[in-house]
Amino acid sequence: MAWILPRTPVRPFITQKYTFAFPLTQRCAKAVLNGQYLAMNCLFKAQPQACTLAKFTFQNLNFLPKYPDQGLHQGALMQGQTKLTKSSFIAGSLLLAASFLLAGCQTTDFDQLTSNIMNAITPSQSEGTDTASQPETTTAKTTAAVSTATPSNAPPKGMKKSTLNWGLVQFVIGAGGTYDDYWSASVFPTSSSENFIGAHADKIAMGRIHAVQLWPGEYRVRLTHNSQIKADSIIKVEAGKLVRLTAEYGVFSNSVSTTTEPVYNDFALMAASTASYAKDTYLPVIVEHQGQWLFEFRGPQVNGQVAGNGTITVLRDGSEVAVISNANITPDEITGKVTLTGEGVYQGRFNRKKFEQIAGTKIKWKNGKTFEGTFEAVVPKEGKLTQLSGSVWEGEVDGDNPSGEGRFTNTDGSWVQYSDYAARDSYVGLRDCGPSPDVISTCAYYKGEKLASEAELNAKIAEDKHLAELEQQRQAEQRRIAQIAAAKAVEEAAKEAEVRRIAAAEQAAREAAPPRKPDDCTTATGTFSADGNLTQYTMNGSGSGSGHFRQRTYGSEYQFDIDFYFNTSANSISFDYGEGIYSDAASGAILQRTSIPNGSANCTFNGRVLTIDGKEFVKR
């Protein structure tokens, strides 16, 4: 039975002599303060789903009687001092423990349980020593006193044995600290708790609880306060058992007590201030790994080994393809409910030796489709896929869809054989078909469309061939036109170049006059060529000026042009380039524009040959 309690903050109850804390609920647990007895009842008949401590009074605790109806009104919180005694710690911690005992109680002997709690909380005559007078001691593993009480394995009279397959560790911080005083709790794996990655909680304040759900095994637990280890030990966690570590404040020393008791449901886990769940703190158990397939088990485990039914996630190449719920694992097979990623469901019976689901298993999808056939691991591979309409595919499948080779039978009994179902809409040719299962004939298809006859198919194929030939002729004509245009462009370019050469020669003749200084780069001007006139270099002016560079490819199909400004010295030349243009030499169509970084180069000129960085250009 799971107990559902409204969760409320933990409030400190402060009196003139005592300070401690325990949880209050919103629907019950009102304080009745008469200074005589402590009565604690689980009101199962009245509100079994909501109540915990219903009535309580405190013996010799001197609560202010003027706040009986409000359960310690806020005004009472301002009264008295915060002096702590051993009795106050006992009272506070036992009340806190009682809330957990009663929250999950499954016994008919409630009067006996209440009496036991009352007897435990009532101070004995031997409790005359105040822990405030004893200084805190330090040992090699713990800096606070740790006491352990281990109850009998047999459940109390009238209380049934727990059926849980997991255990629980609770870290409870008792009363007496301030709101800004925190503890830290950790659980670490040991050699007998493989796959556990650890759990940790910081800033556990006074009156707060951190719970850790664990599979059976040995674990190392640690409580830390103000960077000092107060408890550090190896504990054994058993299924259906709760190990509680309670930190209690003292004036000069703090103590940590350890108790063990049965746990019957997840209330102690759900009611904790913070909790760490087994699903988040354990690595999965790998139960199968073959090629691209990986089976990850999440559920009960002991030292990294499966210890009960759980959930298996099936991965193919790292992607989830199926989940096996309530999986039961034996050396020979895995059984459980299999849910595919496409929402197909079937009762799984996976043969571990053959590494496949047994053949003939029937899968049902939410869309009404069903499958019966063979499997690749746990996913359908080949068989009979029945549509909601009643049509049937017999062959390879991809989830709940036809795939690859197979036969599709319509509801009227007619059928078609496919070599590749995925390519059916682009297929051109003949397929086996029939009006009924026992009649075989041939059907003509053109790009997924069924035709009336093979003759109609041949006509469409001939038409496609004719259209293809026309397209080839069109492309050939386009290439011929382009070649003519390219040849014409070359001819025009040659004429233009000749005109420029003649003009440059005449200009040079007019400007030539003695005395003439020796030729160097400052005297270079005109048009220069190289590479069999494929490269032309024109300099308008000497010493400085503008120019143009043009270069054609072999065959004169493409050319590159760029304008520039230049400055020369006797043995060097610098360039300031404009935009470079790649174009089709025949049509003049611009293919690409680019930019060229400015630069300089070594330069010599002997009156006829201009050499730039070792490249010779002959003056025309």
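The values are calculated or read from the model by the stated rules, or taken from the named source; none is laboratory data. Worth saying up front: this structure is predicted, and the values here are computed from it rather than measured. Note that each Cβ is placed from the backbone with ideal geometry, even for glycine, and that neighbours are counted across all protein chains shown. Accessible surface is based on the protein model in full, side chains and every heavy atom, while ligands, DNA and RNA are left aside. Shrake-Rupley method; radii C 1.70, N 1.55, O 1.52, S 1.80 Å.
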Restricting the stretch 403-426 to residues that are open to solvent by 30 Å² or more (accessible area, probe 1.4 Å) and hydrophobic (A, V, I, L, M, F, W, C), the residue that is modelled with the highest pLDDT: Phe408
Enumerated strands (runs of 3 or more DSSP E) restricted to the stretch 223-305, each holding at least 2 residues that are closer than 24 Å to Asn195 by Cβ and among the charged types (D, E, K, R): 228-237, 293-298
Selected residue (only one of Tyr219, Tyr277 is buried (at least 21 other Cβ atoms within 10 Å of the Cβ) and among the hydroxyl-bearing types (Ser, Thr, Tyr)): Tyr219
Of residues in the stretch 328-370 being of a type outside the set (S, T, N, Q) and within 27 Å of the chain's Cα centre (by Cα), the one farthest from Leu385 (Cα to Cα): Gly336
Some residue of the stretch 478-488 being under 25 Å from Ile596 (Cβ atoms), free of Cβ contacts under 8 Å to residues at least 24 places away in the same chain and open to solvent by 50 Å² or more (accessible area, probe 1.4 Å): no
Pairs where the first residue, in the stretch 432-458, is without any contact (Cβ under 8 Å) to a residue 60 or more places away in the chain and open to solvent by less than 90 Å² (accessible area, probe 1.4 Å) and the second is hydroxyl-bearing (Ser, Thr, Tyr) and in a helix (DSSP H, G or I), C-beta under 7 Å, 6+ apart: Gly448/Ser426
Filtered residues of the stretch 308-328 (kept if over 17 Å from Tyr346 (Cα atoms) and among the aliphatic types (A, V, I, L, M)): Leu315
Residues of the stretch 288-312 that turn out to be open to solvent by 20 Å² or more (accessible area, probe 1.4 Å) and either within 15 Å of Ile329 (Cβ to Cβ) or free of Cβ contacts under 8 Å to residues at least 60 places away in the same chain (or both), as a count: 14
In the stretch 587-620, the residues that are among the small types (Gly, Ala, Ser) and either free of Cβ contacts under 8 Å to residues at least 12 places away in the same chain or closer than 19 Å to Gly532 by Cα (or both): Ala589, Gly614
Residue count for the stretch 394-423, restricted to those that are under 37 Å from the mean Cα position of the chain (by Cα) and free of Cβ contacts under 8 Å to residues at least 40 places away in the same chain: 13
Tally of residues being in a loop (DSSP other than H, G, I, E, B) and of a type in the set (A, V, I, L, M, F, W, C) across the stretch 443-466: 2
Where Ser587 falls short, out of the listed (1) open to solvent by 50 Å² or more (accessible area, probe 1.4 Å); (2) closer than 19 Å to Glu498 by Cα; (3) of a type in the set (Ser, Thr, Tyr): (2)
Test: Leu340 is in contact (Cβ under 8 Å) with a residue 24 or more places away in the chain and of a type outside the set (Val, Ile, Thr): yes
Subset tally (residues that are in contact with a helix residue (DSSP H, G or I) (Cβ under 6 Å, 6 or more places away or on another chain) and not hydrophobic (A, V, I, L, M, F, W, C)) for the stretch 158-189: 1
Residues of the stretch 334-346 satisfying the condition of being closer than 22 Å to Asn401 by Cβ and open to solvent by 20 Å² or more (accessible area, probe 1.4 Å): Thr339, Thr341, Gly342, Glu343, Val345
Asp576 vs. criteria over 25 Å from Glu491 (Cβ atoms) and of a type in the set (Asp, Glu): yes
Residues of the stretch 590-606 classified as surrounded by 13 or more Cβ atoms within 10 Å (Cβ to Cβ) and either closer than 11 Å to Glu557 by Cα or among the hydroxyl-bearing types (Ser, Thr, Tyr) (or both), total: 2
Candidates Phe252, Phe267 - the one that is hydrophobic (A, V, I, L, M, F, W, C) and farther than 24 Å from Ser162 by Cα: Phe252
Criterion: modelled with pLDDT under 95, farther than 23 Å from Met270 by Cα and either buried (at least 22 other Cβ atoms within 10 Å of the Cβ) or out of contact with any strand residue (DSSP E or B) (no Cβ under 6 Å at 6 or more places or on another chain) (or both) - qualifying residue of Lys203, Lys230: Lys230
Cβ-Cβ under 6 Å pairs, at least 6 apart or on other chains, the stretch 550-574 side closer than 18 Å to Ser595 by Cα, far side of a type in the set (Phe, Trp, Tyr): Gln551/Phe560; Phe560/Tyr582; Ile562/Phe549; Ile562/Tyr577; Phe564/Phe575; Phe564/Tyr577; Phe566/Phe575
Scan of the stretch 543-592 for residues that are in a strand (DSSP E or B) and small (Gly, Ala, Ser), ordered by number: Ser544, Gly545, Ser546, Gly547, Ser572, Ser574, Gly580, Ser583
Test: residue in the stretch 315-327 that is modelled with pLDDT of 95 or more, over 24 Å from the mean Cα position of the chain (by Cα) and either closer than 30 Å to Leu340 by Cβ or surrounded by 19 or more Cβ atoms within 10 Å (Cβ to Cβ) (or both): yes
Lys203 of a type in the set (Lys, Arg) and free of Cβ contacts under 8 Å to residues at least 24 places away in the same chain: yes
Single residue of the stretch 349-402 satisfying the filter (open to solvent by 40 Å² or more (accessible area, probe 1.4 Å) and among the polar types (S, T, N, Q)) that is farthest from Thr339 (Cα to Cα): Ser389
